[in-house]
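Bear in mind these aren't lab numbers, they're just calculated from the coordinates by the rules spelled out. Quick caveat, the model's predicted, so the values are computed rather than measured. Note that we place each Cβ from the backbone using ideal geometry, even for glycine, and neighbour counts take in every protein chain shown.
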Amino acid sequence: MDVLTKEQRHKAMSHIRSKDTKIEVALRKELWAQGYRYRKNYKALPGTPDIVLTKYKIAIFCDGELFHGKDWEILRPRLLRGNNPDFWIKKIERNMERDRKNDKKLLFMGWTVIRFWGEDILKRPKECIKVVEEAIFENMVSDMEE
């Protein structure tokens with residue numbers, strides 16, 4: 001494993017984007033191709049969802065595996081063996097807690113929340129679209145029942 005200097009790591013980390021990431025763009029292109037129109041980085045909702053289908057009240061988050069703690073039971077011990085484990089563990093646990101709080105707020109407001117892992121978007125975009133379409137269908141059915 002390559003060990004980076006502090007300056008090299010800082011430069012690499014500074015290039016991590018919060019908007020228009022590769023996974024967001026991939027999912028948006030797929031949604032657009034299927035005829036779905038959306039808002040991106042919608043600040044009017046808690047957590048500023050990456051993609052919002054306002055017509056169906058669906059908020060979609062495209063989460064990176066590292067920063068949002070995918071397979072935390074496996075990732076945490078690996079971080080403990082790495083550089084600056086206290087910082088990284090606190091950071092990722094804070095992110096996970098913030099994600100849970102935002103999900104609760106959105107659900108309370110009547111929104112459907114969908115979270116996709118980046119690797120799922122890149123490897124199986126059609127399955128992600130299917131999940132979105134199922135949520136749209138469920139929302140439409142529940143609206144008709146009201």
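Mean residue ellipticity at 222 nm from the helices of the chain, using -39,500 (n - 2.57) per DSSP H segment of n ≥ 4 over the full residue count, to the nearest 500 deg cm²/dmol?
Numbers: 6 runs with 81 residues, N = 146.
Using -39500 (n - 2.57) per qualifying helix, the result is -17500 deg cm²/dmol.
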inquiry  = Give me P(r) over the range 84-126, computed from all C-alpha to C-alpha distances, binned every 10 Å, as integer percentages.
reply    = 24, 33, 36, 8
message = How big is the dipole moment of the chain about its Cα centre under a simple scheme where the beta carbon of each Lys and Arg is +1, that of each Asp and Glu is -1, and everything else is neutral? Debye, nearest 20, please.
response = 700
remark   = Calc'd 3J(HN,Hα), the range 21-35, phi into Karplus 6.51 cos²θ - 1.76 cosθ + 1.60 (θ = phi - 60°), Hz, glycine/Pro = x, comes to 6, 4, 5, 5, 4, 4, 5, 4, 4, 5, 4, 4, 4, 8, x
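Divide, for the range 18-145, the radius of gyration over alpha carbons by 2.2 N^0.38 Å, where N is the residue count. Mind showing how you got there, number by number?
On the way: Rg = 15.7 Å, N = 128, 2.2 N^0.38 = 13.9 Å.
This ratio for the range 18-145 stands at 1.13.
Which pairs, out of LYS70/LYS91; LYS57/LYS105; LYS6/LYS70; LYS29/LYS123; LYS43/LYS126; LYS104/LYS130, put more than 19 Å between their alpha-carbon atoms? List each step's numbers first, then the result.
Details: LYS70/LYS91 14 Å; LYS57/LYS105 13 Å; LYS6/LYS70 26 Å; LYS29/LYS123 14 Å; LYS43/LYS126 27 Å; LYS104/LYS130 23 Å.
In this structure, LYS6/LYS70; LYS43/LYS126; LYS104/LYS130 lie more than 19 Å apart at Cα.
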key: Karplus (6.51, -1.76, 1.60) ³J(HN,Hα), θ = phi - 60°, over the range 59-74, in Hz, Gly and Pro reported as x   = 10, 10, 10, 10, 9, x, 4, 5, 6, 10, x, 5, 6, 4, 5, 8
request  = Could you give me the radius of gyration and the Dmax of the range 105-145, taking only the C-alpha atoms into account and expressing both in angstrom?
outcome  = 12.2, 36
